[in-house]
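A short write-up of the structure that comes next.
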Amino acid sequence: MFSPVEWMIALRYMRARRAEGFISVIAGFSLMGIALGVATLIIVLSVMNGFRGELLERILGLNGHIAVVSSTGTLADYEPLAAQVRSVDGVLSVTPLVEGQILATNGGRAAGALVRGLTPEALAARPSIAGNIRLGSLDQFGSDDGVVMGSRLARTLGVRVGDKVTLVSPRGTVTAFGTVPRMQAYRVVATFEVGMFEFDSSFIFMPLEAAQRYFRLGDTVNQLEIFVEDPDAFLRQRLSIAALVGPGYRLFDWQQANSSFFNALQVERNVMFLILTLIIVVAAFNIISSLIMLVKDKGSAIAILRTVGASRGMVMRVFFIVGTSIGVVGTIAGAVLGLLFAENIEVIRRWIESLTGTELFAAEIYFLSQLPAEVDPGEVVMVVCMALGLSILATLYPSWRASRLDPVEALRNE
């Protein structure tokens with residue numbers, strides 16, 4: 001498509017002389033702009049993908065995909081109902097659950113927490129908890145006074161494994177002087193850390209029978225927590241379960257519980273993509289300006305080429321090579337830089353924090369204790385193709401203008 005002569009002339013034009021230094025500077029900034037735009041887009045999209053994936057993994061690791069609750073507030077005959085739900089195709093597990101808000105206190109320190117009561121077998125079957133025990137073990141979780149809590153909550157209360165923590169429930173005993181909160185001490189047998197601030201700082205797991213006694217529910221539970229094979233395609237199981245349990249029960253899925261959160265993430269991701277694309281657009285305009293200046297500066301050289309037999313198409317291809325080379329080199333450099341940064345982003349974050357002495361990624365704000373990044377090859381290809389497309393479009397007008405230059409007028413103006 002491009003002859004060796006055209007490549008030779010284009011490469012000669014790209015090696016700026018001293019008088020053309022300003023044009024070379026503009027072209028250099030164009031290359032840097034495209035590289036930074038591509039790298040930033042890849043990094044931001046990778047972090048947003050990793051952030052969503054990590055949150056989804058942690059949220060669905062602790063919370064079920066579908067929850068069945070009763071309109072009366074409690075489920076009495078939950079064992080037969082759980083057995084029926086387990087028979088639905090695609091359902092992996094069904095866990096009877098007791099859940100309630102409490103105030104945890106120890107030595108003058110207090111923090112709000114969410115108690116979840118379930119059987120020791122159900123807790124041990126959850127990799128997000130059983131695989132992230134930091135201190136202690138789940139062997140003593142079956143005892144009536146043994147609880148498992150998040151590591152950040154334990155640090156807030158100043159408790160260690162073996163210490164006792166007092167749980168205060170607002171649903172207490174009604175007396176003539178008002179409602180007296182229910183208080184009871186439990187022994188911490190283990191602490192967990194799943195890496196999500198909300199869970200590590202507010203969750204307490206208690207044996208099911210102990211939770212039933214503490215919340216005075218008798219032989220009832222609050223809900224049935226259901227895990228399915230494919231969380232993204234749970235609609236079929238939900239419809240089957242709804243038909244099975246009949247009226248008097250309500251179903252909630254994980255998308256309903258977290259819809260506002262994940263919708264906000266998607267909106268933020270789209271807005272960031274549009275904003276960062278403007279960097280590449282600005283760099284493409286710089287390519288246009290630098291090529292137009294180069295065409296004006298090389299007017300006499302273009303006229304000489306035309307007089308010795310060069311066609312308009314050849315002149316156009318020469319300047320097309322010049323402009324496209326800037327875009328291709330900048331895009332490749334940006335893609336390599338973005339991929340390297342995304343793959344080592346946690347190491348880079350820690351290095352910057354140690355260098356500056358500031359916390360760049362606070363778990364209290366961003367929910368996660370580590371900065372995640374998940375590179376999507378399809379998105380990388382999309383960003384690279386977009387940058388190359390804008391670069392090619394930016395070279396068309398200056399190249400066409402160079403090919404339309406009149407040799408006589410160009411030599412007369414010199």
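Here are a few things to note about the model shown:
- Checking (i) 52, 22, 20; (ii) 66, 24, 16; (iii) 42, 22, 19 against semi-axes √(5λ) of the Cα gyration tensor in Å calculated from these atoms, the matching label is (ii).
- Among Tyr249, Tyr78, the order by Cβ neighbours within 10 angstrom, fewest to most, reads Tyr249, Tyr78.
- Once the Cβ-Cβ distance of Leu103 and Thr72 is raised to the sixth power relative to R0 = 22 Å, the FRET efficiency obtained is 0.25.
- P(r) histogram, all alpha-carbon pairs of the range 249-338 included - 5 Å bins from 0, percent: 2, 10, 13, 14, 11, 9, 8, 7, 6, 5, 4, 4, 3, 2, 1, 1, 0, 0
- Ordered by the count of other Cβ atoms within 10 Å of each Cβ, fewest first, Ser259, Ser391 give Ser259, Ser391.
- Burial ranking of peptide ranges 309-316, 147-154, 223-230, 346-353 (average Cβ count within 10 Å, highest at the top): 147-154, 223-230, 309-316, 346-353
- The order of Lys164, Lys296, going from fewest to most other C-beta atoms within 10 Å of their C-beta, is Lys164, Lys296.
- A full extension of the chain between Glu79 and Arg216 corresponds to an added length of 47.5 nm, given 0.36 nm per residue minus the alpha carbon distance.
- Per residue, the Cα convex hull of the range 55-126 amounts to 144 Å³.
- Rounded FRET efficiency, nearest 0.05, which uses the C-beta distance separating Ile292 from Leu265 and R0 of 45 Å: 0.60
- DSSP H segments from the chain that extend 27 Å or more along their own axis, Cα-based, with Kyte-Doolittle mean of -0.5 or above: 21-62, 259-297, 312-343, 377-403
Every number in this text was worked out from the coordinates using simple rules, so none of it is lab data. Note that the structure is predicted; figures quoted are calculated from it, not measured. Cβ atoms come from the backbone with ideal geometry, glycine included; neighbour counts cover every protein chain shown.
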